[in-house]
């Protein structure tokens, strides 16, 4: 037998050997998903607002402040370390400038204070953007059909400070205005919140996969036009690395790719290019596809949902924001 006989050819090499039993599959797995890799997405509502249903998101309801506190307790109990909060706002409570975002007693602030009082160890991630508060549905100020970048950034800085004051550990600008990361970092530092982290939605696409979320936060039917002048073109990839590089330079502590599964190539590229933690957001449309396909009998929801989470980890995501993070933590614990 020569050396050439050991060059990785059949029958000397049989790749199925490491797949034949669960114990060996576990030992040689290249990536793993654990509860501590997950963040639970929570849609908040006022007590008198509807909990649901949310279009195409069967099983997901909007949470009152008290319900969000209970969800935080559940997350902590199963090892999910953080919640990402988003507010539902009725049409009558919106205005052209999104002024509700700047109130120190808005829904997000009240929920953060209540959660931190009840479950101080849980991490809280607060969305920084005006779209849940504007009557036109955009993430920034709108004038004559144009989204105003610099004027919007000034408001986002105020919103970020409001969230930090309320107890959010992480502010997460999802607006995609140019220069907002550096400006928010300066505003937080000036206000004495040097310890607050910034999770930048650095690579955020103008995606159709956000549709159910817009219903969840009360923006369905509100949005005037689309968001293609400030969110990324789905046809582009290298542009995402430029966005991420600028945000790191401006002081982002972590980077987000959104949506998730359709953009796993960007998760890998961002992870390989930058020495910072990378998050992926499994957005509402991704959840809806899994849920609707499962309800149509295409596959088992739990198995497919876990597979999707493994895909994020394999691609390089350090953390995954999902609408079923708490449930997934239970599935993971059961299967170990």
Restricting segment 324-336 to residues that are within 15 Å of the chain's Cα centre (by Cα) and part of a helix (DSSP H, G or I), the residue that is surrounded by the most Cβ atoms within 10 Å (Cβ to Cβ)
325
Name the single residue, out of those in segment 301-323 being without any contact (Cβ under 8 Å) to a residue 60 or more places away in the chain and over 20 Å from residue 203 (Cα atoms), that is surrounded by the most Cβ atoms within 10 Å (Cβ to Cβ).
305
Could you say which residue among 252, 279, 298 is assigned to a loop (DSSP other than H, G, I, E, B) and in contact (Cβ under 8 Å) with a residue 60 or more places away in the chain?
252
Go through (1) outside any helix (DSSP H, G or I); (2) in contact with a helix residue (DSSP H, G or I) (Cβ under 8 Å, 6 or more places away or on another chain); (3) buried (at least 23 other Cβ atoms within 10 Å of the Cβ) for residue 97 and report which single condition fails.
(3)
Out of the strands (runs of 3 or more DSSP E) lying entirely within segment 144-215, which hold 2 or more residues that are surrounded by fewer than 18 Cβ atoms within 10 Å (Cβ to Cβ)?
146-148
Inspect segment 14-28 for any residue being modelled with pLDDT of 95 or more and buried (at least 20 other Cβ atoms within 10 Å of the Cβ) and give the result as yes or no.
no
Could you please give the count of residues in segment 51-77 that are touching a residue at least 40 places away in the same chain (Cβ under 8 Å), part of a loop (DSSP other than H, G, I, E, B) and surrounded by fewer than 19 Cβ atoms within 10 Å (Cβ to Cβ)?
4
Tell me which residues, restricted to segment 165-186, are farther than 15 Å from residue 148 by Cα and out of contact with any helix residue (DSSP H, G or I) (no Cβ under 6 Å at 6 or more places or on another chain).
165, 169, 170, 172, 174, 185, 186
Determine, yes or no, whether residue 244 is buried (at least 23 other Cβ atoms within 10 Å of the Cβ), modelled with pLDDT of 95 or more, more than 19 Å from residue 131 (Cα to Cα) and within 20 Å of the chain's Cα centre (by Cα).
yes
Scanning for something touching a strand residue (DSSP E or B) at 6+ places or on another chain (Cβ under 7 Å), closer than 27 Å to residue 156 by Cβ and assigned to a loop (DSSP other than H, G, I, E, B), does segment 85-93 turn up at least one residue?
yes
For segment 222-241, the count of residues that are loosely packed, with under 15 Cβ neighbours inside 10 Å, assigned to a helix (DSSP H, G or I) and touching a helix residue (DSSP H, G or I) at 6+ places or on another chain (Cβ under 7 Å) equals 0
Only one of 271, 258, 227 that is in contact (Cβ under 8 Å) with a residue 60 or more places away in the chain and over 19 Å from residue 84 (Cα atoms):
227
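The values are calculated or read from the model by the stated rules, or taken from the named source; none is laboratory data. Every value quoted in this text rests on a predicted model; they were computed, and no experiment measured them. Quick reminder, even Gly has a Cβ in these numbers, built from the backbone with ideal geometry, and neighbours come from all protein chains shown.
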